[in-house]
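Colleague: Provided herewith is a single structure, encoded as structure tokens, for subsequent inquiry.
Values quoted throughout were computed directly from the atomic coordinates according to the rules given, and no laboratory measurement underlies them. Computed from a predicted structure; not experimentally measured. So basically every Cβ, Gly included, is an ideal-geometry build from the backbone, and we count neighbours across all protein chains shown.
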Amino acid sequence: MPAAISKRAPDPKTARVDPDTSNDSGVWAVGQVDQEVMAYAVHDAKSVLGALIVNVDWLRGALENHPVPGADEALVDVGICCRRLDGLLREALRSASGRPVGDGVNAIQVSRLAHKVAGDMRRKAEAHHVTLDVIEGQDATVMGEQSALERVLVNLVDNAIRFSRFGGRVVISYGVEAASVVMTVADEGPGVPVELREQVFEAFQTLEGEAGRPGEHTGLGLAFCRKVVRQHGGDVRLTNRPVAGALVSVSLPISR
């Protein structure tokens, strides 16, 4: 990963960040239009659309011949992506209307969360010639919003796939440390320079030379992840693996 970072600043005439708020109905709550939340939702919608394009392209080629091994699995992935996109757009509309955003706080089993996201992201990993695995540790339950925490893990896995080397491996793992659940996402990419490890969590920060078309990456993914995790009483930390690649750790308080 290149040792430079650029700032994609929003228009100062229209952009603002409201203070985080919460209520008994959920972690997220807004009293008026929150442009930052809207930007996060649009960012994630772009990621979902990218996954849809991968599956549609695969289906187009596969359907040229019969039988079509894997077509059913691809169609399932398309359905998952469509549901995610629908949820993101609904969240954006709720934010714009001023109603609470989110699906309410519930008990979430970390093992199920990890395996669900791995299943949803596996075809995208395959399209990038990357292996996606889950390493199981001690399981636990956290209290939070299912959709928000899924989006956090999807963002982290998406980044890991994008920065992994050809033929590399992305690993989701989880375990318990003291009173916290710790989920990690590790890749085999170039890693992140020490001096940039905090800057990448700021909104609209992008790494110069980041793979993809110009303007494709908005620099919102990691900022969204940290915001949501901190609203859940936890935190996100970025380090490098001892050999090669980045390691993102998400810690959340265990539900008692």
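Colleague: Under the Karplus relation 6.51 cos²θ - 1.76 cosθ + 1.60, θ = phi - 60°, what is the ordered set of whole-Hz ³J(HN,Hα) values for segment 168-184, x standing for Gly and Pro?
Modeller: Per residue, the Karplus-derived 3J(HN,Hα) values read x, 9, 10, 10, 9, 9, 8, x, 10, 10, 6, 9, 10, 8, 10, 9, 10 Hz.
Colleague: Also, I was wondering about something else. Between ALA179 and GLN109, what length comes free when the chain is fully extended (0.36 nm per residue of separation minus the Cα-Cα distance, one decimal in nm)?
Modeller: Fully extending the segment from ALA179 to GLN109 adds 23.7 nm.
Colleague: Next question, about the same structure. Take the Cβ-Cβ distance between LYS116 and VAL194 as r, set R0 to 30 Å, and report the resulting FRET efficiency rounded to the nearest 0.05.
Modeller: 0.35
Colleague: Within segment 136-199, list the chymotrypsin sites (Phe, Trp or Tyr not before Pro) lying in a DSSP loop whose Cβ has at most 12 other Cβ atoms in a 10 Å radius.
Modeller: Sites meeting the loop and neighbour criteria: PHE166.
Colleague: For segment 106-120, in order, what is each residue's ³J(HN,Hα) by Karplus, 6.51 cos²θ - 1.76 cosθ + 1.60 with θ = phi - 60°, in whole Hz (x at glycine and Pro)?
Modeller: These are the phi-based 3J(HN,Hα) values: 9, 6, 10, 7, 5, 4, 5, 4, 4, 6, 5, 5, 4, x, 5 Hz.
Colleague: While we're looking at this one, here's another question. Please list, in chain and number order, the residues 5+ apart from LEU247 or on another chain whose amide H is under 5 Å from its amide H, with Hs placed from the backbone.
Modeller: Residues meeting the criterion, in which the H sits 1.01 Å from N, are THR239, ASN240, ARG241.
Colleague: Okay, moving on. Step through the residues of segment 146-158 one at a time and calculate ³J(HN,Hα) from phi using the Karplus curve (6.51 cos²θ - 1.76 cosθ + 1.60, θ = phi - 60°), rounding each to whole Hz and writing x for Gly and Pro.
Modeller: These are the phi-based 3J(HN,Hα) values: 3, 5, 5, 5, 4, 5, 4, 5, 4, 4, 5, 5, 4 Hz.
Colleague: Could you list which residues have their amide H under 5 Å from that of VAL176, counting only those 5 or more apart in sequence or on another chain, with H placed in the peptide plane?
Modeller: Close amide H contacts, sequence-distant or interchain: GLN138, VAL182.
Colleague: May I pose another question? Collect residues whose amide H, placed 1.01 Å from N in the peptide plane, falls under 5 Å from the amide H of LEU132; neighbours closer than 5 in sequence don't count.
Modeller: Counting only residues 5 or more places away or on other chains, the set is VAL170.
Colleague: To continue, here is another question. Assuming 0.36 nm per residue, please report the length gained on full extension of the stretch VAL42 to LEU75 beyond their Cα-Cα distance.
Modeller: 9.5 nm is the gain from fully extending VAL42 to LEU75.
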